[in-house]
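Below is one structure, written out as structure tokens; comments come after it.
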Amino acid sequence: MKPFIAALIAISLATGCHYGTKIENLNFASSPRGASVQVTRVNGVVSGELLAVNDDGLVVLEGRRMVTVPFPEIRDARFAEIGSAYSFGGGKQPDPERLAMLRRISHFPQGITPEIKSRLLTMYQQ
């Protein structure tokens, strides 16, 4: 029995193991874009690129329009490329660990400074 287990371990190590989504299949991992998000809110749906996560909500680029969706308005937020580990909702602010995860998959993980916000608003003619 021990030689069988040793052989199984050796084969696993030699061929490698992989579980979950491969990073090369994630569009946002190989480009400067943030993850794609679909947010169901109290009065409709917002879909687009996750630009940033701030303490009050999500900043999403929907087409050529920047939309800030406050956490209390979010009924459901889903990230199709990466699955349910990042999803949240219920009108509640995610816990600090999830906020950190969400920031890492956004276009501006460091946040949007006033200068960047001004440039984006000008660029998108808002």
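Less than 5 angstrom separates the built amide H of ASP76 from those of THR40, GLY90, all sequence-distant by 5 or more or on a different chain. Positive-end ranking of GLN93, PRO70, ALA35 along the dipole of region 21-123, with charges on Cβ about the Cα centre, is headed by ALA35. Between GLU97 and VAL45, the FRET efficiency estimated from the beta carbon spacing at R0 = 30 angstrom works out to 0.70. Ordering 54-61, 74-81, 91-98 by mean Cβ neighbour count within 10 Å, with the highest value first, yields 54-61, 74-81, 91-98.
Here, each number is a calculation from the coordinates, and none is a lab measurement. Computed from a prediction, not measured in an experiment: that's the story for all the values here. As a convention, Cβ positions derive from the backbone with ideal geometry for all residues, glycine included, and neighbour counts pool all protein chains shown.
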